[in-house]
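Let me begin by presenting the structure, written as structure tokens, before commenting on it.
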Amino acid sequence: MIGSGAREHAIVHSLAAEGGHVLFAAPGNPGIGALATCFDVDGADPLTVTALARTLRVDLVVIGPEVPLVAGVADALIAAGVPVFGPTAAAARLEGSKAFAKEVMAAAGVPTAEARVCATMAQVEAALAEFGAPYVVKDDGLAAGKGVVVTHDHDAALAHARSILDAPVTQPSLVVEDYLDGPEVSLFVISDGCAVVPLAPAQDFKRALDGDEGPNTGGMGAYSPLDWAPPGLVAEVIERVAQPTIDEMARRGTPFTGVLYVGLALTSRGLRVVEFNARFGDPETQVVLARLRTPLSALLHAAATGALAKLPPLDWSPDVAVNVVIAAQGYPDTPRVGDPITGIAEAEQVPGVHVLHAGTVVSTRPSSVGPTQPPENGWLSSERSERVETMSGLGCDGVRPAELLSAGGRVLSVVASGVTLNVARARAYEGARHIRLDGSHHRTDIAEKAAAGQVVIPS
């Protein structure tokens with residue numbers, strides 16, 4: 001498992017629950033370390049990751065975040081003959097460049113917002129005048145979910161655009177889009193480059209504060225399933241969005257293998273794509289995987305090896321899952337780090353609750369580096385367990401720390417399951433009340449409108 005956030009912890013949590021697997025992570029986090037052997041290496045370095053995968057003789061590498069994908073980690077693993085779940089750098093441009101994604105959508109006939117790609121402030125001003133308020137301005141590149149501004153304030157839209165174009169990068173650009181009304185939906189679609197398999201839809205909450213107020217964040221919570229979604233929504237997304245996109249990427253000679261995150265708006269003009277991502281989304285992954293009964297390992301391996309068409313239909317729990325994100329003081333602007341975290345064990349005593357780590361670190365975690373250069377021919381399988389046991393001391397595998405500290409903006413995900421949305425919400429917030437982190441904050445209205453039947457699709 002490549003990555004260190006709650007998304008990666010959710011994946012490892014699901015894999016560990018299957019039993020029978022030997023799990024490794026790079027770099028992982030303290031929560032992942034209770035389930036897998038962690039190696040303190042750079043997960044975005046193709047050579048380092050490939051060397052570690054060959055050393056450990058793994059059956060599958062799963063790439064969680066977008067940065068390693070855009071950096072070509074999957075390319076290096078494929079070249080080394082290591083099965084990998086995640087697209088190549090060329091295919092990951094669907095997330096790495098919003099302008100490229102719009103180009104692919106246009107070629108594939110995918111319904112999306114009309115957009116203008118801008119490289120100068122004059123072009124930005126013209127696009128804002130063309131589309132009018134609310135203004136939508138997006139960084140063309142990776143921005144960890146925080147590169148988008150949606151505002152009625154013309155000056156704020158211009159300021160965000162200027163901050164992007166003034167950034168110290170080669171040929172900065174941005175996208176100005178037509179505003180899409182209606183509720184948003186996240187749908188993960190697994191692909192092996194040809195076939196596609198949808199997961200269950202979810203809805204996340206981007207704004208930092210209750211009532212969808214405050215700045216955009218990487219996501220403050222999510223829930224699944226969506227009982228208010230129109231019948232046939234998933235089938236429509238497969239027919240009109242996912243399959244045409246996968247086919248277009250294959251036609252271009254850059255087949256997409258992994259998970260295509262389809263961000264949707266259900267507008268008064270019908271379904272529209274807001275964005276593509278080339279990996280599982282956070283915080284939606286936490287609730288989607290909490291409901292998946294089909295072994296996750298079988299699904300990921302089938303996608304990595306071109307065998308999705310042979311996979312039986314996915315099995316889902318009828319329960320509802322809710323995720324409440326605990327964020328550090330000052331998030332998303334200037335999150336404070338280094339504060340002690342307690343109460344996780346108490347939170348997990350609440351029925352149906354488990355807690356996933358994101359921005360955490362242990363005060364006693366050793367500073368060490370895993371192996372970066374494998375033996376010429378790898379290790380024989382009979383030697384593997386002894387060698388892995390020797391190497392496990394290099395990471396954070398299950399070490400019980402003296403103190404758990406915050407180390408990022410989004411610190412924990414409190415995930416709860418229940419027979420109804422109200423039950424799941426109550427359990428998630430009961431779990432969150434047990435978490436003690438000085439200055440932390442979380443939204444108190446995750447899935448509140450859905451529970452009250454107040455989610456409306458414009459006609």
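Inspection of region 277-290 finds no residue satisfying the criterion of being within 27 Å of VAL110 (Cα to Cα) and open to solvent by 50 Å² or more (accessible area, probe 1.4 Å). Scanning region 152-186 for residues that are open to solvent by 20 Å² or more (accessible area, probe 1.4 Å) and assigned to a strand (DSSP E or B) turns up just one, GLU184. Of all residues in region 5-23, those being in contact (Cβ under 8 Å) with a residue 60 or more places away in the chain and part of a loop (DSSP other than H, G, I, E, B) number 3. Just one of the numbered conditions (1) of a type outside the set (Val, Ile, Thr); (2) in contact with a Ser or Thr (Cβ under 9 Å, 6 or more places away or on another chain); (3) closer than 21 Å to MET1 by Cβ; (4) outside any loop (DSSP other than H, G, I, E, B) is not true of GLY281: (4).
Taking the criterion of being of a type in the set (D, E, K, R), open to solvent by 60 Å² or more (accessible area, probe 1.4 Å) and in contact with a helix residue (DSSP H, G or I) (Cβ under 9 Å, 6 or more places away or on another chain), the residues of region 96-151 that qualify are GLU114, ARG116, GLU125. Of the strands (runs of 3 or more DSSP E) lying entirely inside region 189-236, those containing at least 2 residues that are over 18 Å from ASP315 (Cβ atoms) are 207-209, 213-216, 221-224.
Being under 18 Å from LEU289 (Cβ atoms) and of a type in the set (A, V, I, L, M) is a description that does not apply to VAL419. When the residues of region 58-76 are narrowed to those that are within 16 Å of LEU47 (Cα to Cα) and over 21 Å from the mean Cα position of the chain (by Cα), which ends up surrounded by the most Cβ atoms within 10 Å (Cβ to Cβ)? In this case the residue turns out to be ALA76. Only one entry of THR217, THR245, THR254 meets the criterion of being β-branched (Val, Ile, Thr) and at pLDDT below 95, and that entry is THR217.
Residues are listed down the side, and each one gets a yes or a no for (1) surrounded by 18 or more Cβ atoms within 10 Å (Cβ to Cβ); (2) in contact (Cβ under 8 Å) with a residue 12 or more places away in the chain; (3) within 30 Å of GLU448 (Cα to Cα):
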| site | (1), (2), (3) |
| --- | --- |
| PHE188 | yes, yes, yes |
| GLY193 | yes, yes, no |
| PRO215 | no, yes, yes |
| GLY218 | yes, yes, yes |
| GLU239 | no, no, no |
| THR245 | yes, yes, no |
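Cβ separations smaller than 6 Å between residues 6+ apart or across chains give the following pairs from region 98-118 residues that are more than 23 Å from SER268 (Cβ to Cβ) to residues that are assigned to a helix (DSSP H, G or I) and at pLDDT below 90: VAL117/ALA99. Looking only at region 436-459, residues that are touching an Asp or Glu at 6+ places or on another chain (Cβ under 9 Å) and hydroxyl-bearing (Ser, Thr, Tyr) come to 2 in all. Go through the residues of region 160-171 one by one and say whether even a single one is touching a residue at least 24 places away in the same chain (Cβ under 8 Å) and closer than 25 Å to VAL259 by Cα. The answer is no; no qualifying residue exists. Failed condition for ALA290, given (1) outside any helix (DSSP H, G or I); (2) within 28 Å of GLY359 (Cβ to Cβ); (3) of a type in the set (A, V, I, L, M, F, W, C), with all others met? Only one criterion is unmet by ALA290, namely (1). Checking the structure you have, find out if any residue of region 24-34 is in a helix (DSSP H, G or I) and open to solvent by 50 Å² or more (accessible area, probe 1.4 Å). No.
The rows are residues; the columns are (1) touching a helix residue (DSSP H, G or I) at 6+ places or on another chain (Cβ under 9 Å); (2) crowded, with 16+ Cβ neighbours inside 10 Å; (3) of a type outside the set (Asp, Glu).
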{"position": "ARG269", "(1), (2), (3)": "no, no, yes"}
{"position": "VAL274", "(1), (2), (3)": "no, yes, yes"}
{"position": "ARG293", "(1), (2), (3)": "no, no, yes"}
{"position": "ALA307", "(1), (2), (3)": "yes, no, yes"}
{"position": "ALA321", "(1), (2), (3)": "yes, yes, yes"}
{"position": "ILE344", "(1), (2), (3)": "yes, yes, yes"}
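The values are calculated or read from the model by the stated rules, or taken from the named source; none is laboratory data. All values derive from a computational prediction rather than experimental measurement. Note: ideal-geometry Cβ built from the backbone for every residue, glycine included; neighbour counts use all protein chains shown. Please note that ligands, DNA and RNA were not included when accessible areas were found on the heavy atoms of the full protein model with its side chains. Shrake-Rupley method; radii C 1.70, N 1.55, O 1.52, S 1.80 Å.
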